[in-house]
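So the structure is just underneath, and the comments pick up after that.
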Amino acid sequence: MPSYKLSYFTLTALAEPIRFLLSYMGEEFEDFRFNKEDWPAIKQTMPFGKVPALEIDGKVVHQSTPISRYLGKQAKLAGKNDWEALQIDVAVDTLHDMRLAIVHYWYDEDEESRAKKYGPLVNEILPFYLSKFDELAKENNGYLANCELSWGDLYFVAISDYLNTMLGFDFYEGYENLKRLRDNVLSLPKIQEWINKRPKKDIPIRFPGCWCSVKKSC
């Protein structure tokens, strides 16, 4: 059995899809979480100075999506052929397009600039992406691709908590097929087991001029 050590901040964010997949696989893993104050020292030990990083039998790799794709293959959640694998990749990369739009708003340190981004984000960008994802989930019987569970579904649901935290609302509201997708993932016994035991940690909340934090289940 391989050994796993996942390194990331005290957040869900980009590490949570990896945690979901390892949990789905029934794999024990060291969930090493650290504060931003510890990051400068830890950064020097990480490939390309990036996290999340997953150590697999002593070999360290980084980048959330390739790690998740790799684990998806191990879990037999990566499609039956190259075409099905492509459909999953397309959905996940499109999710990242939506995620980056949220990130560009959320981490903008200029209060005026950030305020200007919020309207177009919630009134135009998100409705566009979410309606398309909702259509995709409808076409695939509550999944993102190939009418069956894939690592892409776990990725989408795992990262959505953090995206919703940045937005300040639940983007699933109003999208019944995306709710079905979420429920399909969260009803998986191993995922539910992980959610029930995962730690409550501080999620960083950016306010003008400072970093603050709020206690929240993540």
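The values are calculated or read from the model by the stated rules, or taken from the named source; none is laboratory data. Everything numeric in this text was worked out from a predicted model, so none of it was measured. In this analysis, Cβ positions are derived from the backbone assuming ideal geometry, glycine residues included, and neighbour counts consider all displayed protein chains. The accessibility values were calculated without ligands, DNA or RNA, using every heavy atom of the protein model including side chains. Shrake-Rupley method; radii C 1.70, N 1.55, O 1.52, S 1.80 Å.
Any residue at all in region 104-121 that is part of a helix (DSSP H, G or I), hydrophobic (A, V, I, L, M, F, W, C), surrounded by 14 or more Cβ atoms within 10 Å (Cβ to Cβ) and at pLDDT 95 or above?
Residues of region 104-121 that are part of a helix (DSSP H, G or I), as a first pass: 104-106, 111-121.
Filter once more, so that each one left must be hydrophobic (A, V, I, L, M, F, W, C): 106, 115, 121.
Filter once more, keeping what is surrounded by 14 or more Cβ atoms within 10 Å (Cβ to Cβ): 106, 121.
Now narrow it down to the ones that are at pLDDT 95 or above: 121.
Yes, there is a match, as at least one residue in region 104-121 is part of a helix (DSSP H, G or I), hydrophobic (A, V, I, L, M, F, W, C), surrounded by 14 or more Cβ atoms within 10 Å (Cβ to Cβ) and at pLDDT 95 or above.
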Inset, instruction - Test Val90 against the stated conditions and say whether it is open to solvent by 60 Å² or more (accessible area, probe 1.4 Å), more than 13 Å from the chain's Cα centre (by Cα) and within 19 Å of Ala13 (Cα to Cα). - result: no
Inset, instruction - Could you figure out which of (1) without any contact (Cβ under 8 Å) to a residue 24 or more places away in the chain; (2) touching a strand residue (DSSP E or B) at 6+ places or on another chain (Cβ under 9 Å); (3) not basic (Lys, Arg) isn't true of Leu86? - result: (2)
Legend entry - Odd one out for Gly49, checked against (1) buried (at least 16 other Cβ atoms within 10 Å of the Cβ); (2) touching a helix residue (DSSP H, G or I) at 6+ places or on another chain (Cβ under 6 Å): (1)
Legend entry - Some residue of region 170-193 being surrounded by 14 or more Cβ atoms within 10 Å (Cβ to Cβ), of a type in the set (Ser, Thr, Tyr) and at pLDDT 75 or above: yes
Inset, instruction - For region 127-144, enumerate the residues that are open to solvent by less than 30 Å² (accessible area, probe 1.4 Å) and either charged (D, E, K, R) or touching a Leu at 6+ places or on another chain (Cβ under 8 Å) (or both). - result: Leu130, Phe133, Asp134, Ala137, Gly142, Leu144
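Quick check on region 128-145: of everything there that is without any contact (Cβ under 8 Å) to a residue 40 or more places away in the chain and assigned to a loop (DSSP other than H, G, I, E, B), which residue is nearest to Leu188 (Cα to Cα)? If you could, list the steps in order and put the result at the bottom.
Filtering region 128-145 for residues without any contact (Cβ under 8 Å) to a residue 40 or more places away in the chain gives 128-129, 132, 138-141.
Still in the running and assigned to a loop (DSSP other than H, G, I, E, B): 140-141.
On the way: Asn140: 18, Asn141: 16 Å.
Once the filter is applied, the top-ranked residue is Asn141.
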Legend entry - Failed item in (1) hydroxyl-bearing (Ser, Thr, Tyr); (2) under 30 Å from Tyr4 (Cα atoms); (3) assigned to a helix (DSSP H, G or I); (4) at pLDDT 95 or above, with Tyr162 passing the rest: (4)
Legend entry - Of all residues making up region 52-66, the number that are in a strand (DSSP E or B), buried (at least 16 other Cβ atoms within 10 Å of the Cβ) and without any contact (Cβ under 8 Å) to a residue 40 or more places away in the chain: 1
Inset, instruction - Kindly provide the set of residues from region 1-40 that are closer than 13 Å to Arg198 by Cβ and open to solvent by 30 Å² or more (accessible area, probe 1.4 Å), ordered by number. - result: Phe29, Asp31, Arg33
Inset, instruction - Might you check whether a residue that is touching a helix residue (DSSP H, G or I) at 6+ places or on another chain (Cβ under 7 Å), part of a helix (DSSP H, G or I), surrounded by 16 or more Cβ atoms within 10 Å (Cβ to Cβ) and at pLDDT 95 or above occurs anywhere in region 75-84? - result: no
Inset, instruction - Consider Thr45 carefully, then state whether it is out of contact with any Leu (no Cβ under 8 Å at 6 or more places or on another chain), polar (S, T, N, Q) and free of Cβ contacts under 8 Å to residues at least 24 places away in the same chain. - result: yes
